[in-house]
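Below is one structure; the comments refer to it alone.
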Amino acid sequence: MKTVTTVKKPFGKAKYSPVKHARYLDWEDAFDVEFDDGLSFLEPHATIKRANKISPDAVPVRVSIPKKFRSHFKIEYDNGQTAEISWSFVRELPSKNSKK
């Protein structure tokens, strides 16, 4: 019998790399996040909304990365809500359909 684990795995396996750029891809409804070491991830918008408790009908207006540390990126929505996405949120838990 297979069991599905919905608990997040402990952090600590990914190597830190500053966020190089992050952008919202409207046609994919996902965020393209690239790191300085060359890795790039496509993070689904629904996952980010769920993790940050953003309303389902919110539309991203601005995506920004702080210049000093580049350890996360910030999303501002049309309804005034904001989401801050850490580098570890993107790198530690890759999507389930990725092959190892």
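Kindly indicate whether any position in the range 54-73 is at pLDDT below 90 and within 10 Å of the chain's Cα centre (by Cα).
So far as the range 54-73 goes, no, none of its residues is at pLDDT below 90 and within 10 Å of the chain's Cα centre (by Cα).
Tell me the residue from 48, 85, 75 that is in contact with a helix residue (DSSP H, G or I) (Cβ under 9 Å, 6 or more places away or on another chain) and not in a strand (DSSP E or B), please.
Residue meeting the stated conditions: 48.
How about the range 51-61: which of its residues are out of contact with any Ser or Thr (no Cβ under 9 Å at 6 or more places or on another chain) and assigned to a loop (DSSP other than H, G, I, E, B)?
Answer for the range 51-61, where residues must be out of contact with any Ser or Thr (no Cβ under 9 Å at 6 or more places or on another chain) and assigned to a loop (DSSP other than H, G, I, E, B): 53, 55, 56, 57, 58, 59.
Which residues, taken from the range 20-45, are assigned to a loop (DSSP other than H, G, I, E, B) and among the acidic types (Asp, Glu)?
Passing the criteria: 26, 28, 29, 36, 37.
The values are calculated or read from the model by the stated rules, or taken from the named source; none is laboratory data. Worth saying up front: this structure is predicted, and the values here are computed from it rather than measured. Ideal geometry is used to build each Cβ from the backbone, glycine not excepted, and the neighbour counts take in all protein chains shown.
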